[in-house]
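The values are calculated or read from the model by the stated rules, or taken from the named source; none is laboratory data. Computed from a predicted model, the values in this text were never measured in an experiment. Reconstructed Cβ throughout: ideal geometry from the backbone, glycine too, with neighbour counts over all protein chains shown. Surface accessibility is based on the protein's heavy atoms, side chains included, excluding ligands, DNA and RNA. Shrake-Rupley method; radii C 1.70, N 1.55, O 1.52, S 1.80 Å.
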Amino acid sequence: MPEDNYSMAPDLFPDLPGSARTWIFALEGTPAECRSALGRVNTFLNSWLSHGHAVSGQATLAGGRFLIVSGQVSNGQVSGCSIDTLTRAVTEAVREAGCRMVSPMKISYQCVDGTIAFASRPVFRQLLSAGKVTPATPICDVAISQLRDLRAGKFMRPLSRSPFARVFRVQPE
C-alpha cells in the first residue's frame, strides 16, 4: 500500500478473512521511524500466539501515520491476553523506533493540504466552530475492529458520515 494513501484497498491482507480482528494505532514520527516500527511489529507477528495457537497476523502502515494490524486464529478468536501482548509489542516497537503513539482519544482528521492532524474533542469542537474543519473534513476512524470495515472504506469518511457526526451534531451533507 502506498504510504500517501489513507484509503484501504478491498484486498487489504488478502490472506485474512473479513472477520479478522483489527487494531489501528495512530503514530507521530518521521516516515523512517514509523516504517521501523512496522518492521518491528512484523517481527513480533511471526511469533504471535493465542492460547498456544499461532495467530495469522499482518500489518501495514497507511499514510505513513497509521499502523494497522489484523489477526485471526484458525480455531477461534484472538484472546484478551494475546491482545495485551500485541499492545505491549506495538508500544515497545514504537518506542524503540523513536516515534510515538497518538492517544486513541484524539480525533484524527485530514487537513486541506492532505496531512493528518490530531485534536482532542474540545479542540476539534473549536476548529469546527471556527470553520477550520467542516462536515466534509475527512475523519479517520481508529476504532474500527474488523478487517471487513477497512476493506469497505470505513476508515476515512467525511465528518458528516463518521461516528463523530452525532457527537458534534453535524448533519449529513
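Computed values, structure above
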item: Tally of residues being under 18 Å from residue 165 (Cβ atoms) and outside any strand (DSSP E or B) across region 131-147; result: 11
item: Selection from region 148-172 of residues that are part of a strand (DSSP E or B) and of a type in the set (Lys, Arg); result: 157
item: Index of the failed condition, residue 114 passing every other in (1) at positive phi; (2) small (Gly, Ala, Ser); (3) crowded, with 16+ Cβ neighbours inside 10 Å; result: (3)
item: Residue in region 128-144 that is modelled with pLDDT of 95 or more, surrounded by 14 or more Cβ atoms within 10 Å (Cβ to Cβ) and among the small types (Gly, Ala, Ser) present; result: no
item: Odd one out for residue 172 among (1) farther than 28 Å from residue 11 by Cα; (2) at pLDDT 95 or above; (3) of a type outside the set (S, T, N, Q); (4) open to solvent by 70 Å² or more (accessible area, probe 1.4 Å); result: (2)
item: Residue in region 106-132 that is farthest from residue 154 (Cα to Cα), counting only those that are touching a Cys at 6+ places or on another chain (Cβ under 9 Å) and among the aliphatic types (A, V, I, L, M); result: 117
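Yes/no matrix, rows are residues, columns are (1) under 29 Å from residue 128 (Cα atoms); (2) touching a helix residue (DSSP H, G or I) at 6+ places or on another chain (Cβ under 9 Å); (3) in contact (Cβ under 8 Å) with a residue 60 or more places away in the chain:
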{"position": "23", "(1), (2), (3)": "yes, yes, yes"}
{"position": "38", "(1), (2), (3)": "no, yes, no"}
{"position": "67", "(1), (2), (3)": "yes, yes, no"}
{"position": "77", "(1), (2), (3)": "no, no, no"}
{"position": "84", "(1), (2), (3)": "no, no, no"}
{"position": "102", "(1), (2), (3)": "yes, no, yes"}
